[in-house]
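**Student:** Take this structure, written in structure tokens, and hold onto it; I'll ask about it next.
The values are calculated or read from the model by the stated rules, or taken from the named source; none is laboratory data. Just so it is clear, the model here is predicted, and its values are computed rather than measured. Heads up, the Cβs are rebuilt from the backbone with ideal geometry, glycines too, and the neighbour counts pull from every protein chain shown. These accessible areas exclude ligands, DNA and RNA; they are computed on the full protein's heavy atoms, side chains included. Shrake-Rupley method; radii C 1.70, N 1.55, O 1.52, S 1.80 Å.
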Amino acid sequence: MINSSDVQTAIVADGAVPDNKTRRYDRQLRLWATSGQAAIEQARILVLSSSATSTSILKNLVLPGISHFTILDHSLVTPEDAGNNFFLEGPESIGKYRAQEAVRLLAELNEEVEGRADTRNFREFLLNGENNGVREWLSGYTIVIVHNLDKDLLETLSNILWHDDSFPPLVVVRSAGFLADFSIQFHEHTVIESHIETSPSLRIDNAFPALKEYALSLDLDNMDITDHGHIPYVVLLVRALEDWKKEHNNLQPKTYAEKQSFKSLVSSMKRKLDEENFEEAESQAYRCWTSSSVPSEIVSLFSDSRLSAPSASLPAFASFASLPPFFQLLKALQIFTERNGYLPLTSTLPDMRSSTEEYVRLQNLYKRRAEEEKAEVKNILIDELGGKVDDSMLDDFVKNTHRLKVLKGRKWGAFVHSNGGQLIASALETSPKQAATHLGLSALEDVLFKKGYSSLHGKAPAPQITIEELTEAAKATLPPGVTLPETEWNEVAGELMRAPTADLPNTAALLGGLVAQEVIKMITKQYVPVDGCCVVDLIETWTGII
Amino acid sequence: MISQSNGFATPHDWAGRYYHIDQILDASGPRTDPAFSAGDEVKDFLRNKAKILVIGAGGLGCEILANLALTGFKDIHVIDMDTIDISNLNRQFLFRQKDVGKPKAIVAAEFIMKRVPGVTVTPYFGKIQDKDEDYYMQFNLIICGLDSVEARRWINATLVNMVDGENPESLKPLIDGGTEGFKGQARVILPTITSCYECSLDMLNKQTAFPICTIANTPRLPEHCIEWASVLEWPRVHGEKKMDTDDPEHITWLYQTASKRAKEFNIEGVTWSLTQGVVKNIIPAIASTNAIIAASCCNEAFKIATSSAAYLNNYFMLIGTDGVYSYTFEHEKRADCPVCGGEAVDMSISSELPVEGLIDLLVEKQDIQIKKPSLSTANKQIYLQAPPQLEAATRPNLSKKVSELVPPGGEITVTASTLPFSLSLRITYT
């Protein structure tokens, strides 16, 4: 669902017919607004190789309008490349630098985007990185994407980029025939605008004073009957709950029977049979016993070690302001919730049966209270903690506290190697198809590398691989005693053996979409990127996460 | 294991062209149907015989055409009735600024033929309803990348109607894709065999409809003010002049009218962009989601055309807002589907309900959604929307109770000019 406030910010000059750029991007601005678009327009993307999969990914990033992309690839277009890549011009491209051809044809998609072909030999460049400034060069990019990169280069690259937070995330994409997987190497990713579809609490169970006062001030029995049918359900429920509590030792309805009798109470407040606002109140009655306390997913974010340091060792203010703004805000939020027992109020009200006047009145009550609570958060942040965060970020943060997200990433390969292989071992038990596919692609990478077959680009004849070679490579990565799930493994290995180096146009296009979607989520810091490794099987047509 | 042949090579093919795809076509995999015959025969069918129709040359269509051409389909047809708009350029990657205003089908076809040698794309700039069964009969497969429910229902019903038990060739697999923002779905429909588009009508997101009394009397949201401007004020001020939601001046008028009303009622949030979104019912759309869904549709087409692997049974849906979530399942046929089911739909209504009320129900009900329905029984016309004389003659029935016209357990046949099928309702009274 589109929130009208998102769309609101998508428009530049209020009232005027939007300019050409806004019109061009209209359908995506409705998803990520101008803030997301601004982030995209600053993004610099580096892609290693210009395979069909790589150019498909880039296509879906050039179209929405990234700032810059570089393709690092020194290979020349082969007849095999020219057959499966839409961003090469068939036989006319054969023999030319593949990166240059791809950049030329990709850049046509969007005049705002700058593309660059880098035809240095990246094997030499990466492996001799220390001497030629590869680190500095890589840190100039927002995100790095690789497709079917040779095993040794992938390890080198992932080590460099894992060094610390200042290096860009690495997206590792692998495919063979109908099977594929990808994952993103990053340290941490925080999301304020997650767009998760949970509504913020209206806090009916714990109405703020101005709302309670207003609800109690109404003379429901004697007011005009038309007005009576236009009181918003929020006000009715707050009133009914107060009435109920008076009769029940100040307690809310708890048991099923109590809840039913509360609903009857609401219904009995009708003065005419067909008052729809009361019917709405009855159906929304659950909000009276849905607690407005802080959701556990948000509480769990407070256990981050960076949050405990400053309050324990006050006045360590200097170090607090140097925390990433998200965590400064999170600390302020933690203090706010400890004092109040709830998250800051948001001013977005759902639509409900009501007269315009009553609805706008209610909206203003919420708006005023939300402003006060935001001021309290700001006060904690700045005056008590000595933090420093700009106001627009504070605004966004306070509006979205019910759906904040913090993702802890991992290094490429950690899944198979960490905990002595226990992670992959348990995945083989719980999700054998997904785990077998992931393991199969790793085994293939290994076997191809050992055979000296560079996966840089396809060239006939395709290498011959046996199921035994794949099985041996897979077993080598598993801890002792862990076995491969036979059926699933045979299905995966047989398929990899059939098409070990096939970059199929449909698989490439599908990965192009999936990976670009995730990259957009990383860049915009909106929506929630994949947490783990995404496995794709295009025979049965499914995706899974391990 | 690997053969270097290309089926029967055409002048445009070059050695190595199908290196990637031939790895699949030259050998079977563990999950390949035993009937698959690897090698020349399947390549020859794909590259020299198969004829495929793409409906829609928009967000999905552009992607579908490119994928089909690269996988080796050489005889592709495409239908689209739209021309290119600037707001298409963020995802419809076969179009450029200079193409704005030109027919999508024609520009897309030319682009593909220029980029992928040896492929013929035959465009038709017009409506799917312009074509008859003979036309649809010539294809082996049909892929839909449409944004209109109405058009999908039409092609679905047409293809189901075409199935002739005596002639296996008459069964045309239909692959349908759709997207909205970060979400989408792809499905395979084997007319009369699997569930069809009509069977799943109730899965569509319900469009938000604002009650007219809210719009007229108690607006609360900016959307209510915009609906007031377009539904009530436009006809009042402009009379017969039709509103064109593609005309920026019309949108500006609606925006200004809605803004005035919003100000009067102290409602915030009316913008030009929101106005346009509400009156055009704009669905957000991005390149990446279209790429995923189109690729999945084309992958099914490739598998069906070649038998190189099992195909989707029968519904794949993807939600990309929170991680990558997808769900693959078998959507079941509905026995009372008006298109492929054969059984009448049971409907229980109040014996007091007037015909008018029944018509409102048919428009609104999630699994029916028939706009402007005409109603008749075996021996009488209850209400007909056209021609004007019959409409006038049957209009008095609108205020009559259904129970006066149809006995309990009686059947009503519902038709609509936009749909090539009729719905049978078995009426009982409460």
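**Student:** Any residue at all in segment B:155-177 that's assigned to a strand (DSSP E or B), touching a strand residue (DSSP E or B) at 6+ places or on another chain (Cβ under 6 Å) and either without any contact (Cβ under 8 Å) to a residue 24 or more places away in the chain or open to solvent by 10 Å² or more (accessible area, probe 1.4 Å) (or both)?
**Tutor:** Taking segment B:155-177 first, the residues assigned to a strand (DSSP E or B) are B:164, B:167, B:174-177.
Checking the rest, the ones that are also touching a strand residue (DSSP E or B) at 6+ places or on another chain (Cβ under 6 Å) come to B:174-177.
Restricting the remaining residues to those that are either without any contact (Cβ under 8 Å) to a residue 24 or more places away in the chain or open to solvent by 10 Å² or more (accessible area, probe 1.4 Å) (or both) gives none.
No; the residues of segment B:155-177 include none that is assigned to a strand (DSSP E or B), touching a strand residue (DSSP E or B) at 6+ places or on another chain (Cβ under 6 Å) and either without any contact (Cβ under 8 Å) to a residue 24 or more places away in the chain or open to solvent by 10 Å² or more (accessible area, probe 1.4 Å) (or both).
**Student:** May I pose another question? Would you check which residues across segment B:178-219 are over 30 Å from B:Leu65 (Cβ atoms), within 11 Å of chain A (Cβ to nearest Cβ) and touching a residue at least 24 places away in the same chain (Cβ under 8 Å) and list them? Explain how you work it out, then say what you get.
**Tutor:** At the first step, the residues of segment B:178-219 found to be over 30 Å from B:Leu65 (Cβ atoms) are B:202, B:206, B:208-219.
Still in the running and within 11 Å of chain A (Cβ to nearest Cβ): B:208, B:210-211, B:213-214, B:217-219.
Across segment B:178-219, the qualifying residue is only B:Pro219.
**Student:** Can you find a residue in segment B:52-61 that is within 13 Å of chain A (Cβ to nearest Cβ) and under 19 Å from B:Arg17 (Cα atoms)? Quick ask: steps written out before the conclusion?
**Tutor:** To start, the set of residues in segment B:52-61 that are within 13 Å of chain A (Cβ to nearest Cβ) comprises B:58-60.
Checking the rest, the ones that are also under 19 Å from B:Arg17 (Cα atoms) come to none.
No, that holds for no residue.
**Student:** Could you count how many residues in segment A:241-272 are open to solvent by less than 30 Å² (accessible area, probe 1.4 Å) and either within 21 Å of A:Gln363 (Cβ to Cβ) or part of a loop (DSSP other than H, G, I, E, B) (or both)?
**Tutor:** Qualifying residue count for the region: 2.
**Student:** Go through B:Lys241, B:Lys303 for me and flag whichever is assigned by the TED database to the domain that holds B:Gly177 and basic (Lys, Arg).
**Tutor:** Details: B:Lys241 fails: assigned by the TED database to the domain that holds B:Gly177.
Answer to the selection: B:Lys303.
**Student:** Considering (1) part of a helix (DSSP H, G or I); (2) open to solvent by less than 30 Å² (accessible area, probe 1.4 Å), say which one B:Arg236 fails and leave the rest.
**Tutor:** (2)
**Student:** Which helices (runs of 4 or more DSSP H) does segment A:459-546 wholly contain that include 1 or more residues that are at the interface with chain B (Cβ under 8 Å from one of its Cβ atoms), within 23 Å of A:Ile145 (Cα to Cα) and among the aliphatic types (A, V, I, L, M)? Show your work before the answer.
**Tutor:** Details: elements: A:467-477, A:486-498, A:505-524.
Those helices (runs of 4 or more DSSP H) span A:505-524.
**Student:** For segment A:124-140, does any single residue satisfy the condition of being buried (at least 18 other Cβ atoms within 10 Å of the Cβ), over 22 Å from the mean Cα position of the chain (by Cα) and more than 24 Å from A:Gly452 (Cα to Cα)?
**Tutor:** yes
Yes or no, residue by residue, for (1) open to solvent by 10 Å² or more (accessible area, probe 1.4 Å); (2) more than 7 Å from every other protein chain (Cβ to nearest Cβ); (3) farther than 30 Å from A:Ala16 by Cα; (4) not polar (S, T, N, Q):
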{"position": "B:Thr275", "(1), (2), (3), (4)": "no, yes, no, no"}
{"position": "B:Val278", "(1), (2), (3), (4)": "yes, yes, no, yes"}
{"position": "B:Ile286", "(1), (2), (3), (4)": "no, no, no, yes"}
{"position": "B:Cys298", "(1), (2), (3), (4)": "no, no, yes, yes"}
{"position": "B:Lys303", "(1), (2), (3), (4)": "no, yes, yes, yes"}
{"position": "B:Ser308", "(1), (2), (3), (4)": "no, yes, yes, no"}
{"position": "B:Ile319", "(1), (2), (3), (4)": "yes, yes, yes, yes"}
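**Student:** Residues in segment A:405-456 that are in a helix (DSSP H, G or I), of a type in the set (A, V, I, L, M, F, W, C) and either under 28 Å from the mean Cα position of the chain (by Cα) or assigned by the TED database to the domain that holds A:Gly177 (or both): how many? Reasoning before the result, please.
**Tutor:** Looking only at segment A:405-456, we keep the residues that are in a helix (DSSP H, G or I), and these are A:414-430, A:432-450.
Still in the list and also of a type in the set (A, V, I, L, M, F, W, C): A:414-416, A:423-425, A:427-428, A:435-436, A:439, A:441, A:443-444, A:447-449.
Those still in the list that are either under 28 Å from the mean Cα position of the chain (by Cα) or assigned by the TED database to the domain that holds A:Gly177 (or both) too: A:414-416, A:423-425, A:427-428, A:435-436, A:439, A:441.
Within segment A:405-456, residues that are in a helix (DSSP H, G or I), of a type in the set (A, V, I, L, M, F, W, C) and either under 28 Å from the mean Cα position of the chain (by Cα) or assigned by the TED database to the domain that holds A:Gly177 (or both) number 12.
**Student:** Considering only segment A:155-190, state which residues are among the acidic types (Asp, Glu), part of a strand (DSSP E or B) and surrounded by fewer than 23 Cβ atoms within 10 Å (Cβ to Cβ). It would help to see each step written out before you state the result.
**Tutor:** Of the residues in segment A:155-190, the ones among the acidic types (Asp, Glu) are A:155, A:164-165, A:181, A:188.
With part of a strand (DSSP E or B) added as a condition, the list becomes A:181, A:188.
Result: A:Glu188, single match.
**Student:** Can you find a residue in segment A:164-171 that is more than 17 Å from A:Lys411 (Cα to Cα) and hydroxyl-bearing (Ser, Thr, Tyr)? Quick ask: steps written out before the conclusion?
**Tutor:** Quick first cut of segment A:164-171, residues more than 17 Å from A:Lys411 (Cα to Cα) only: none.
Scanning segment A:164-171 turns up no residue that is more than 17 Å from A:Lys411 (Cα to Cα) and hydroxyl-bearing (Ser, Thr, Tyr).
**Student:** Please tell me if A:Val134 is among the β-branched types (Val, Ile, Thr) and farther than 21 Å from B:Phe93 by Cβ.
**Tutor:** On the way: among the β-branched types (Val, Ile, Thr): yes; farther than 21 Å from B:Phe93 by Cβ: yes.
Yes: the conditions hold for A:Val134.
**Student:** In segment B:59-97, how many are open to solvent by 10 Å² or more (accessible area, probe 1.4 Å) and in a loop (DSSP other than H, G, I, E, B)?
**Tutor:** Adding up the residues that qualify gives 6.
**Student:** Take the residues in segment A:60-104 that are of a type in the set (S, T, N, Q) and over 15 Å from B:Phe93 (Cα atoms); name whichever of them is farthest from the other protein chains (Cβ to nearest Cβ).
**Tutor:** Taking segment A:60-104 as the starting set, the residues that turn out to be of a type in the set (S, T, N, Q) are A:60, A:67, A:70, A:75, A:78, A:84-85, A:93, A:100.
When the remaining residues are screened for being over 15 Å from B:Phe93 (Cα atoms), the result is A:67, A:70, A:75, A:78, A:84, A:93, A:100.
Numbers: A:Ser67: 16, A:Thr70: 20, A:Ser75: 14, A:Thr78: 7, A:Asn84: 5, A:Ser93: 11, A:Gln100: 17 Å.
Per the criteria, the residue is A:Thr70.
**Student:** Take the residues in segment B:281-291 that are under 17 Å from the mean Cα position of the chain (by Cα) and either of a type in the set (D, E, K, R) or not in a helix (DSSP H, G or I) (or both); name whichever of them is farthest from B:Asn67 (Cα to Cα).
**Tutor:** B:Asn281
**Student:** Quick one: is B:Ala294 within 12 Å of another protein chain (Cβ to nearest Cβ), part of a helix (DSSP H, G or I) and among the small types (Gly, Ala, Ser)? Let's see the steps before the verdict.
**Tutor:** Details: within 12 Å of another protein chain (Cβ to nearest Cβ): yes; part of a helix (DSSP H, G or I): yes; among the small types (Gly, Ala, Ser): yes.
Yes.
**Student:** Now, a different point. Can you tell which of A:Ser322, A:Ser300, A:Ser305 is over 16 Å from A:Leu236 (Cβ atoms), modelled with pLDDT of 95 or more and open to solvent by 50 Å² or more (accessible area, probe 1.4 Å)?
**Tutor:** On the way: A:Ser322 fails: modelled with pLDDT of 95 or more; A:Ser305 fails: modelled with pLDDT of 95 or more.
When all the criteria are applied, what remains is A:Ser300.
**Student:** Let me ask something additional. Looking at A:Met393, A:Met352, can you tell me which residue is in contact (Cβ under 8 Å) with a residue 24 or more places away in the chain, open to solvent by less than 30 Å² (accessible area, probe 1.4 Å) and either in a loop (DSSP other than H, G, I, E, B) or in contact with a helix residue (DSSP H, G or I) (Cβ under 7 Å, 6 or more places away or on another chain) (or both)?
**Tutor:** On the way: A:Met393 fails: open to solvent by less than 30 Å² (accessible area, probe 1.4 Å).
The conditions single out A:Met352.
**Student:** Go through segment A:404-426 and count every residue that is surrounded by fewer than 21 Cβ atoms within 10 Å (Cβ to Cβ), in contact (Cβ under 8 Å) with a residue 40 or more places away in the chain and hydrophobic (A, V, I, L, M, F, W, C).
**Tutor:** Adding up the residues that qualify gives 4.
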